[in-house]
Amino acid sequence: MTSPDCSDSSGTRTGAGPGADSDRADHLADLVEAVRRYRNAERFMRGQSRDSMHLGRTDMAALRLMLRAGQAGRPLSAAALARGLGISSAATTVLIDRLEKSGHAERRRSTTDGRAIEIWPTAASDEEVRSTMGVMHERMMAVAAALPSEDCTTVHGFLGRLGQAMSALELPHVTPAPPGT
């Protein structure tokens, strides 16, 4: 997936002719813009899925965690769900109550420890997520399957490094100005 405006697999810049720096900057800007367009499209699609299921962002994230855990045969406790979402135990209780009321989750007594309560997605919830998100995943797989193996390796590395760069980003803490100043 080497183009005249990027580095080759060894990291060496290619296309070093007149105007190469300007061309490279343009192509890099185009690449970053393509990533932004993808993120916006995915965010929009996920928002539509949440809206169609009448779920908020945290509710959908909780449901995804529960579905993954359920598929792996490891149900979640409320504490594990709280850790996975990065929210308080009180907020988790409210979240589980809301998901139970909407028919997306249920509390079950553990079969291995009768004192423990497990949080499971309902079968209807699993089916609903598969129908709304399944098309997205099928389309993503079709696009990925069309790439030659070498391109898959390049894209995988690029996205992995991009994710690491974003995860490692430490933004300065800005203290808001007091009201009335």
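The values are calculated or read from the model by the stated rules, or taken from the named source; none is laboratory data. No experiment lies behind these values; they were computed from the predicted model shown. Virtual Cβ from ideal backbone geometry, glycine too; neighbours counted across all protein chains shown. What goes into the accessible areas is simple: the full protein's heavy atoms, side chains included, and nothing from ligands, DNA or RNA. Shrake-Rupley method; radii C 1.70, N 1.55, O 1.52, S 1.80 Å.
Between the Cα long axis of helix 20-53 and the first principal axis of the chain there is an angle of about 20°, rounded to the nearest 10.
In the context of the full set of protein chains, residues of the chain present 70 Å² of accessible surface per residue (probe radius 1.4 Å, heavy atoms only). Here the chain exposes an accessible surface that is 58 percent carbon and sulfur, computed with a 1.4 Å probe and the other protein chains kept in place. The long axis of helix 89-101 is offset from the longest Cα principal axis of the chain by roughly 80 degrees. The equivalent ellipsoid that matches the C-alpha gyration tensor of the chain spans semi-axes of 41, 23, 16 angstrom, in descending order.
How large is the helix-only mean residue ellipticity at 222 nm for the chain, computed as the sum of -39500 (n - 2.57) over DSSP H runs with n ≥ 4, divided by its residue count, in deg cm²/dmol to the nearest 500? After summing the helix terms and dividing by residue count, I get -21000 deg cm²/dmol.
FRET efficiency for the pair Leu169 and Arg115, taken as 1/(1 + (r/R0)^6) with r the Cβ-Cβ distance and R0 = 35 Å, rounds to 0.25. Between Val35 and Arg139, residue separation times 0.36 nm minus the direct Cα-Cα distance comes to 35.8 nm.
Here's the picture: a label point sits 7 Å out from the Cα of Ala146 along the beta-carbon direction, and within segment 28-56 the residues with their amide nitrogen under 16 Å of it are 38.
Sorting the Cα pairs of segment 119-170 by distance into bins of 10 Å, from 0 upward, gives 21, 27, 30, 22, 0 percent per bin. As a length-normalised measure over Cα pairs under 8 Å and 6 or more apart, the relative contact order of segment 62-164 settles at 22 percent. Sequentially through segment 76-87, phi angles give Karplus couplings (6.51, -1.76, 1.60; θ = phi - 60°) of 9, 8, 4, 5, 5, 5, 4, 4, x, 9, x, 10 Hz, Gly and Pro residues having no value and appearing as x.
For the chain, the longest principal axis of the Cα atoms and the long axis of helix 123-145 meet at an angle of about 10 degrees.
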